[in-house]
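Have a look at the structure that comes next, please.
The numbers here are math on the coordinates, done by the rules we state, and not lab data. Everything numeric here is computed off the predicted structure, so don't read it as measured data. Quick reminder, even Gly has a Cβ in these numbers, built from the backbone with ideal geometry, and neighbours come from all protein chains shown.
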Amino acid sequence: MSTCVNLSQAQTDHGDFIERVRKMSDQDVRKCYQCGKCSAGCPVHNCNGMDVSPNRIMRMVQLGMEEEVLKTKTIWVCVVCSTCTARCPRDIDIGRVMDGLRIMAYKKNYLQYAKNATDFHQTFFNNIATFGRAYEMAFAIGLTLKTGYMFGILDLAPATLLKGNLPFFPSKLKNSRQIKEIVENIKRMEGEK
Amino acid sequence: MKYAYYPGCSLHATQKAYDMSVKAVCKTLGIELWEIPDWVCCGASSAHSLGHLLGLAIPAKTLVSAEKEGLDVVAPCAACWQRLVWVNHEVTTNPDMRDKINKAIGAELKGTSKVLSIMEAVNSAGIDKISQAVKKPLKGLKVASYYGCYYVKPPKIAHVDDPESPHLIDDMMVALGAEAIDWPYKTECCGASLGFIDFDTTLMMSKKVLDFAVKSGAELIVTACPLCQMNLDMYQSKINKKFGTKYNIPVCYFTQLMAYTMGYSANELGMGKNYTAYESAFSKIG
Ligand code: SF4
Ligand code: SF4
């Protein structure tokens, strides 16, 4: 992330960003007065998992730093534990703001800034859209091919298989197309707009 | 008492032991579970990250048949449970979103079925009934009840119990004869599904939870969420390897421990599917 930002330019180009975030997440980030409580209690931030702290994300939204915000790792590693939301004195649901920012980044196809995350979501979503329910064996293999996920936990594989914790076959479902149909319906609805 | 049962994907696959123990506890307490036919995945945690309506419509689909039966729903996975609660919240408070959801699922959802967490459902049998069903009391076993985040936050939506200091599981543990230890990380996040994205950060998050439980004197941790169980149980050996720690604390579902005290065998509850060794803690029960 660049450390030098032209704020008046950001306001001219992305002055409506905060409004679009409000529409997307139903949360008014204008209310944030930067107390920092969200960051103080954020478990991911406290374990050094984020590149930008949650309160800074809020400030960046206020300043119209759209590109910078949507390219952070933070928006993708937020687990929406809602600890920040529970404690925010301005009653902002920060978890929902993060969800909204993720959706905005995804729509812009900004997938390379937190590649493990976008690979995970896409692999998982394709999996449930195909099978109706998570078919974990296929998911684990698919994710490993993209991110190497399983290589880090190979030592647990024998026990996992022995315990029967990773079934070989997908769960049986009469209508496995249900999720696909919802996706198609939503696409149609978006086209009608 | 009869509930519509939404097991969710993990209870049918990697976390079968949870399913077995939920059914055992409900059977003993006279709670009837009617599994929703043809239920689909709730979409967590990907659908709501990829689209707002998508994240609501997918779990909404499953609620339709429960509503038709006129039954309240029980979902033992914290992530599923919260997704379903969000659907009801939107459907009952936001007519515009309700119409969109209904259009997306091609059905009419009104939000009339309540969505209960498994701790509320079990607790609804009454503490007296729970303690009366105990055949092998816990004899003061020191149990850390771990709620995780999704059941209690954000409190306006997910309010099974107090967001910072819940006690519902603790109360039930006391009814089983345990000593419910007081500890600070009851509702801290274990990392949830972040393990698939950033494994190191997740291990660090789970380590803190284990650390506080152990330092507070717990002999056993009980959970109510497949993600919490996976992170604290399955990855405990990875945490030890990464941080040079020697945690050796059993982690199981509160329903496993409860059903065990009610007379089920470890085998019937899938205890062998857990990764941490439970035997020494369980040997004190009886
Ligand atoms: S807790 Fe709320 S008001 Fe405080 S910095 Fe975070 S978002 Fe802003
Ligand atoms: S919801 Fe996201 S930003 Fe807020 S505390 Fe949890 S992980 Fe951090």
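So how long is each side of the protein assembly as shown along the principal axes, counting just the alpha-carbon atoms, biggest first, in Å?
71, 51, 43
Nothing charged except the Cβ atoms of Lys and Arg (+1) and of Asp and Glu (-1): what's the magnitude of the dipole of the protein assembly as shown about its Cα centre? Round to the nearest 20 debye. Provide the component values of the computation, followed by the final result.
Values: 56 positive and 47 negative charges, 112 e Å.
Roughly 540 debye, rounded to the nearest 20.
Considering every residue in B:185-197, what mean count of other chain Cβ atoms within 10 Å of its Cβ is obtained? Show your work: numbers first, answer last.
Numbers: counts 1, 0, 3, 5, 9, 3, 7, 5, 4, 12, 4, 12, 16.
Taking all residues of B:185-197 together, the mean is 6.
Something else now. Report, in debye and to the nearest 20, how large the dipole of region B:2-118 comes out about its Cα centre when Lys and Arg carry +1 and Asp and Glu carry -1 on their Cβ.
On the way: 12 positive and 11 negative charges, 25 e Å.
The calculation lands at about 120 debye.
In whole angstrom, note down how far apart the Cα centers of region A:52-130 and region B:86-102 are.
Distance between centres, Cα-based: 23 Å.
Taking the Cα centre as origin and putting +1 on Lys and Arg beta-carbons and -1 on Asp and Glu beta-carbons, what dipole magnitude results for region A:2-107, to the nearest 20 debye?
Values: 15 positive and 12 negative charges, 52 e Å.
Rounded to the nearest 20 debye, it is 240 debye.
How would region B:147-253 be classified by its alpha-carbon gyration tensor: rounded, prolate or oblate, with rounded meaning a/c under 1.5 and the a/b versus b/c comparison settling the rest? The partial results should precede the final answer.
Working: a/c = 2.08, a/b = 1.24, b/c = 1.68.
Because a/c hits 1.5 or more and a/b fails to exceed b/c, region B:147-253 counts as oblate.
Under 1.5 on a/c is rounded, so check that first for region A:115-192, then, if it is not, pick prolate when a/b is larger than b/c and oblate when it is not; a ≥ b ≥ c are the square roots of the alpha carbon gyration tensor eigenvalues.
Judged from the Cα gyration tensor, region A:115-192 comes out oblate (a/c at least 1.5, b/c at or above a/b).
Can you tell which of B:57, B:31, B:107 lies farthest toward the positive end of the dipole of region B:2-118, using +1 and -1 charges on the Cβ of basic and acidic side chains (Lys, Arg; Asp, Glu)?
B:31
Would you please put B:16-26, B:186-196, B:137-147, A:9-19 in order of how densely packed they are, using the mean number of other Cβ atoms within 10 angstrom per residue and starting with the highest?
Details: B:16-26: 23.7, B:186-196: 25.3, B:137-147: 22.0, A:9-19: 14.5.
Ranking, from highest mean packing down: B:186-196, B:16-26, B:137-147, A:9-19.
Let me ask something additional. Under the definition of Cα pairs under 8 Å and six or more residues apart, what whole-number percent is the relative contact order of region A:115-160? Numbers along the way, then the final one.
Values: 24 pairs, mean separation 13.5, N = 46.
Relative contact order of region A:115-160: 29 percent.
Less than 27 Å apart at the alpha-carbon level, and either on another chain or at least 8 residues along: which lysines does that give for residue B:110?
A:23, A:174, A:180, A:187, A:193, B:2, B:61, B:68, B:100, B:153, B:156
Placing +1 on the Cβ of each Lys and Arg and -1 on the Cβ of each Asp and Glu in region B:126-282, which of B:227, B:239, B:187 has its Cα farthest towards the positive end of the resulting dipole?
The residue sitting farthest along the positive end of the dipole is B:239.
Take residue A:16 and residue B:156, extend 7 Å from each Cα along the Cα→Cβ direction, and tell me the distance between the two endpoints in nm.
2.6
Other chains' Cβ within 10 Å of A:44-54 residues: what's the mean?
Details: counts 9, 1, 5, 13, 4, 9, 2, 0, 0, 0, 0.
Partner-chain Cβ atoms within 10 Å, mean over residues of A:44-54: 4.
How many Cβ atoms of partner chains, on average, are near each residue of A:154-161 if near means within 10 Å of its Cβ?
On the way: counts 0, 3, 5, 0, 0, 4, 4, 0.
Per residue, the average neighbour count from other chains is 2.
Let me ask something else about it. Quick test of your reading: applying the under-4.7 Å Cβ rule, which cysteines of chain A are isolated?
Lone cysteines by the Cβ rule: A:4, A:32, A:35, A:42, A:47, A:78, A:88.
Now, a different point. Classify region A:1-123: rounded, prolate or oblate, from the alpha-carbon gyration tensor (a ≥ b ≥ c, eigenvalue square roots; a/c under 1.5 rounded; otherwise prolate if a/b is larger than b/c)?
Rounded, since a/c falls under 1.5.
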